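Structure record follows, encoded as structure tokens.
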Amino acid sequence: REDQERIFERFYRVEHDAVHAVPGTGLGLSIVKSLVDMHGGEMALDSQPGKGSTFTFSLPAVPGKV
């Protein structure tokens, strides 16, 4: 649970063997969150240990562009 507070930080990777078995830099979620923030949106995480995680985002609608 403590990792959930930091999951969108640059270069952050959870300390777990399964995570370190997969190559990566820890930048993906940080980049996505930055892009969502730049467009005035919101990003959320719903995670249940041992069951999985769901990442969602929303962006504001542009008036007249439906």
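Please treat every number below as a calculation from the coordinates, not as lab data. All of these numbers come straight from a predicted model, not from anything done at the bench. Neighbour counts run over all protein chains shown; Cβ positions are idealised from the backbone, glycine included.
Structure data summary
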quantity	calculated
Full-stretch length increase - Ser53, Ser34 - with 0.36 nm per residue and alpha-carbon distance subtracted	4.9 nm
Cβ-defined net charge surrounding Ser34, 14 Å radius [Lys, Arg +1; Asp, Glu -1]	-1
